[in-house]
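To start, the structure itself, in structure tokens.
The values are calculated or read from the model by the stated rules, or taken from the named source; none is laboratory data. Just so you know, these numbers come straight off a predicted model, no measurement behind them. Note that we place each Cβ from the backbone using ideal geometry, even for glycine, and neighbour counts take in every protein chain shown.
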Amino acid sequence: MVCGQGHRQDITSGGPVTVQPTGRLEGKRAIVVGGGQTPGATTGNGRAAAVTFAREGAQVLVVDRDLDSAEASAELIREEGGTATAHRADITVEDDCAGILDAALAALGHVDVLHNNVGIVPAGRTENLDAQTWRQGFEVNLTGMWLTCKAVLPHMRERGSGAVVNISSMAGLLAGGEAIAYTTSKAAVHAMTRSLALEYAPHGVRVNCIAPGMMDTPMGVDAPAKAGGISREDVAGKRASMVPMGHQGTGWDVANAALFLASQEAAFITGTVLAVDGGFTLTSRMS
């Protein structure tokens, strides 16, 4: 059953989002890793993806390191008539990643879609960046994503079908001296995505990546505003001014792109990196 219908509002902020569910994931089972979110005024990419997949007919396992946040996303889905279960996992722990598949099989029966949304932003130029921060950036942004893929891809291979959507960043497509660990780890996600796509293409499994740009999400706006002691409006305005289209995107823009890549409409697409950025990557660099 497809949950939700017609025109919708952003669950958190009340911002306009038009959604007309058509059952594009009807009968599918999806894992959304990073399906909770940090506190903020808008809806994050992971929560938006979980809700969008459910609206399109998927049963969803919402995974997050913060179980309460994962449960909040699952409850939003259930309130709309969808099916969702929350599960706690830390993707930097290999046993936790293996447990994600176990939880999915118990709750959903099988897995058709794996959506990877976890990431952090380790900031700093080369000369003032400590090695531990560098390692943590790669551990979360790259290794953790590889571990979830390692856990789920054998199941998809055995079934002869599946779609993986990795969320990266436009930072992986541009130079960004202020955050070298971030840009480098995100570029590595793109390379990993292409390698996995080639490895699993003969088995009917597709692996793609989305590179979001300036998005009006809690991680993109609220977190840096709080850290810098400045207003959310000032952060959002500065970010919007950098986008050729003149405004930021939303978590729902990323979710809609993920829906396309997860659906049969993208049945002949694998190994791609799709920029969802309002034209930002047409510019020369991050900063």
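Values computed for the structure shown
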read-out: In region 65-112, residue nearest to G137 (Cα to Cα) [restricted to those that are in a helix (DSSP H, G or I) and of a type in the set (S, T, N, Q)]; value: S69
read-out: Selection status of A171, at pLDDT below 95 and in a helix (DSSP H, G or I); value: yes
read-out: Residue match in region 194-206 (condition: at pLDDT 95 or above, surrounded by fewer than 23 Cβ atoms within 10 Å (Cβ to Cβ), under 19 Å from D277 (Cα atoms) and touching a Gly at 6+ places or on another chain (Cβ under 9 Å)); value: no
read-out: Among residues of region 206-230, those that are without any contact (Cβ under 8 Å) to a residue 60 or more places away in the chain and not small (G, A, S), counted; value: 3
read-out: Tally of residues being farther than 21 Å from L196 by Cα and at pLDDT 95 or above across region 105-130; value: 5
read-out: Residues located in region 41-60, provided they are touching a Ser or Thr at 6+ places or on another chain (Cβ under 7 Å), farther than 20 Å from I210 by Cα and not polar (S, T, N, Q); value: A41
